[in-house]
1. Keeping all protein chains in position, work out how much accessible area E47 exposes to a 1.4 Å probe, and write it in Å² to the nearest 10.
2. Given the options P36, P88, P219, state which has the largest fluctuation in a GNM of the chain using a 10 Å cut-off (strictly under) for Cα springs.
3. Just L168, L269, L111 to compare: in a GNM of the chain, with alpha carbon springs under 10 Å, which one fluctuates most?
4. In vacuo Debye scattering of region 95-192, one point per C-alpha: log10 I(q)/I(0) at q = 0.13 Å⁻¹?
5. Tally Lys and Arg at +1 and Asp and Glu at -1 over the other residues with C-beta under 15 Å from the C-beta of V43: what net charge comes out?
6. For the chain, what is the accessible area per residue in Å², given a 1.4 Å probe and the full set of protein chains?
7. Here are labelled values, (1) 19, 28, 24, 16, 8, 4, 1; (2) 30, 63, 7; (3) 31, 53, 16, 0, and one is the computed P(r) over Cα pairs in 20 Å bins from 0, in percent for what I pasted. Which one?
8. Magnitude of the Cβ-charge dipole of the chain, K/R +1 and D/E -1, about the Cα centre, nearest 20 debye?
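The values are calculated or read from the model by the stated rules, or taken from the named source; none is laboratory data. Worth saying up front: this structure is predicted, and the values here are computed from it rather than measured. Neighbour counts run over all protein chains shown; Cβ positions are idealised from the backbone, glycine included. To get the accessible areas, we keep the full protein, side chains included, count just its heavy atoms, and leave off ligands, DNA and RNA. Shrake-Rupley method; radii C 1.70, N 1.55, O 1.52, S 1.80 Å.
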Amino acid sequence: VVKVVPQVAGRIIACHPNFVNGGFFKANEPLITIDPRDYEAIVESAEASVAGAQVALDRELAEAAVAKKEWDQLHPNETASPLVLRQPQVRQATAQLKAANAQLQTAKLNLERTVISMPFDGRIVEETIDAGQYLTPGQPVATVYGTKAVEIMVPLKDSELAWFDVPLTSDSTSPLTQATVTAKFAGQTHTWNGTVVRTEARIDPISRMVNVVLEVNDPFVTKDNSPPLTPGMFVDILIAGRQLKNVIQVPRTAIHQGKYLWVANGERLHIKEVGIARFNENFAFISSGINEGDIVITDSLDTVTDNMGIRILLPETQTDQEAK
C-alpha cells in the first residue's frame, strides 16, 4: 500500500477518470494534474538566467583571451598572474552558469511534478481530494496498491518451516515452494496458485510465530467468472510440504499422551511408544515403533493397562475392538 503525496503546491485542474475508491489505473497514467502555469513561468525565467550566464561566461573567456594576447606582446618571456589573465573571473562565470543550469533543472522537475502518477499498474483504496482543491507539498491525496501481485502473510510456528523450503536469506538458491490459496466468494470456492517468497524480518514478539509471505501473481486477471483475489479476503492456505516416506497415518485421537499407541496382538492390548514424524489437524504420522499388521485401537477405553486381555469382534458384527 502506497500513499500518494504531491511534491509541489498548486490547484488541481484534472483527475484521472478512475480516481475513485476501487478505481484501476495503469502505470505512468496521470492521476492528478496540478495547474502548471506558475511552474512554466519559472522554467522560462530559469532558461533566461542560463542564457545570461552563458553570455557572461563567453564574455569573460573572450576578455581572458585578449588579456593573454596583450600580455604575450608586452612580456613575451614572462609568466602572467592568474588575475591578469582573468582566470578568477572565468571560474566565477563558469560557476554561475552551473548554478543557473541547476536552477533550470529544478524548475523543470517541479513542472514535471505537477502531473502525479505511479510507476505501476494499481488500484485506488482511498482518495481524499477532487478537482479545484489546492494542494500543499506532503499532503496525502490517495492510497493505492499495485495489482501485479498480492502478498499473503501466514503466521507459522518455527517448527513448521522444517517441512518446506522458504528463503531465509537474500542469497538463498532453494526453489520456491508452491502453495494453493482458496477463498469462498459469492457462494463458490475459488483457488489461486502462489509461491512462498520469504519470511518477515522478525519473529512476532508476542505470539513468537514466524510470518511467512506468499505471493500470488496477477490476482486481478480473472477467468471462468472467478473473482479477483482482493486484499481483505479471508483465505485458506495449503503449502506443498516435503513428502514423508515409510510412515503410517493414524487418527490423531489414537495417540495418547503425545507418543503412545494402543495396538492389539491376538487377544492382548499392548501400549507402544512410537515415533511421531508430525501431526496435522486430524492425523498423526508414525515413523517408528509400529509393525506391519498391527491392529490399531482407535476407540477410547476407560481403563487401559499393558497386556490386558481384549476381545476383537468379528467384522460382520462390529469392526471395533472393546475390552473384556
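1. Accessible surface of E47 is approximately 80 Å².
2. The residue that fluctuates most here is P88.
3. The residue with the greatest mean-square fluctuation here is L269.
4. Here log10 of I(q) over I(0) equals -0.85.
5. Working: positive: R37, K108, R113; negative: D35, D38, E40, E44, E47, E112.
Local net charge: -3.
6. On the way: 20660 Å² over 324 residues.
On a per-residue basis, 64 Å².
7. (1)
8. Values: 29 positive and 39 negative charges, 80 e Å.
Once rounded to the nearest 20, the dipole reads 380 debye.
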